[in-house]
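The structure under discussion appears below in the form of structure tokens.
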Amino acid sequence: MFNKNLSEEQTTHRTQSLATSSQSTDFSNRTQPISSSFKNIIEDPVLPKIIKSKINLNYEKFLEETSNLDFYPINCNENFEGNYDNYLTKTLSHIAKMKNIKFNYALDLPSLKENFPKEKIERISVGNKKVLLLDLDETLIHADFREEFINNENYKYDAIISFYSKNEINEVDNKDDDIDSNLEEIDNKINKDLSNDNNLYSVGIFVRPGAQKFLAEISKNFEVGIFTAALPEYADAAINYIDPENKYIKFRLYRNHCINIKDSLKVKDLRILKNINIKNIILVDNNMYSFAPQLNNGILINSFYFDKDDKELDNVYRYLIDYILPADDVREINEEFFGFNKILNEMTQN
């Protein structure tokens, strides 16, 4: 995410090198395009017919806009140290194609409003702290659903978490990474709870180095929440492990709070926090597509899997405290430091 030294000289170099990059996007090795199927618009019998008709019409426009997207999403496993700039350039070339999409049309859906009622928003906005939203998978932890490290003595899990889900095993698709986890590979770890017809899943996780310390320290200055595209059953189990006393993470947003684009990309539109000024919200995520609607509110962090020498959260902490905390508008500081919109504008003009 960051260079080791957060100097002005290196920051300028990063912006210039990305803005002038001639890296082309090659999708020739991508075999599976984004699915084009959509769920039916949710009908709410309580809404007046005129309002309901307008919401549905707007959402149909949103579906039409997103159905024309013709790119293959770049996998988050390409966002690693040494390939950060390449990943950023490729994903921004896709986000450029999403620039005119009216994500707010999807935010008006009754389903999203029901998932995040007004009283919950009011509780989040208590106090004068800026709001820090943290992604979960490959940002704070990595869950080994593929059991790649189950018998590896060199990479031992930090914990094994368990959770119940009413979803069938091939529907859990719990993680918020853009790879669907093949949960059939963990059959030997699954038991059936016949009393309530739920499935019990267990999975080993790696915690990003310094995650708990980061949460403890950063929560002194920010209102901290999780915004994940994972399902609640799995996400809660993971969050409860890294913050067992609920001392640091004040609220949680899940997949049902994301905007679904073509059944593949899960976009996190920060306007869902309607009564919090967006100039005071930051989202830290390893998936660039997540903050496509508000690039200047996002901090792109390298994907984490199991590296015990990872120092990214130290870098994020320093940036948040030194730059974001004193800022009147986090978007201005982020744009000055990362230049995401500058790069995007140059792409759309060429």
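Going by the structure shown, is residue 328 buried (at least 16 other Cβ atoms within 10 Å of the Cβ) and part of a loop (DSSP other than H, G, I, E, B)?
no
Looking at region 240-267, which of the residues that are closer than 30 Å to residue 60 by Cα and hydroxyl-bearing (Ser, Thr, Tyr) is surrounded by the most Cβ atoms within 10 Å (Cβ to Cβ)? Break it down stepwise before answering.
Taking region 240-267 as the starting set, the residues that turn out to be closer than 30 Å to residue 60 by Cα are 252-267.
Imposing the further condition that a residue be hydroxyl-bearing (Ser, Thr, Tyr) reduces the set to 254, 264.
Working: 254: 21, 264: 17.
Restricting to residues being closer than 30 Å to residue 60 by Cα and hydroxyl-bearing (Ser, Thr, Tyr), the top hit is 254.
Can you give me the number of residues within region 77-99 that are of a type in the set (Asp, Glu) and either in a loop (DSSP other than H, G, I, E, B) or crowded, with 18+ Cβ neighbours inside 10 Å (or both)? I'd like the intermediate steps shown before the answer.
Residues of region 77-99 of a type in the set (Asp, Glu): 78, 81, 85.
Going one step further and asking which of them are either in a loop (DSSP other than H, G, I, E, B) or crowded, with 18+ Cβ neighbours inside 10 Å (or both), we end up with 81.
So the answer is 1.
Show the residue pairs that are 6+ apart or on different chains and have beta-carbon atoms under 8 Å apart, the first residue being within region 261-278 and closer than 12 Å to residue 103 by Cα, the second being β-branched (Val, Ile, Thr) and part of a loop (DSSP other than H, G, I, E, B).
Within 8 Å, the pairs are 261/34.
How about region 204-270: which strands (runs of 3 or more DSSP E) wholly inside it have at least 2 residues that are touching a Leu at 6+ places or on another chain (Cβ under 8 Å)?
222-227, 249-253, 259-261
Answer yes if at least one residue in region 302-312 is assigned to a helix (DSSP H, G or I) and touching a Phe, Trp or Tyr at 6+ places or on another chain (Cβ under 9 Å), and no otherwise.
yes
Out of all the residues in region 145-164, which are crowded, with 17+ Cβ neighbours inside 10 Å and touching a Phe, Trp or Tyr at 6+ places or on another chain (Cβ under 7 Å)?
Hits for region 145-164 are 149, 157, 158, 161, 163.
No lab work stands behind these numbers, since they all come straight from the coordinates. Treat the numbers as computed from the prediction; the structure is a model and nothing was measured. Heads up, the Cβs are rebuilt from the backbone with ideal geometry, glycines too, and the neighbour counts pull from every protein chain shown.
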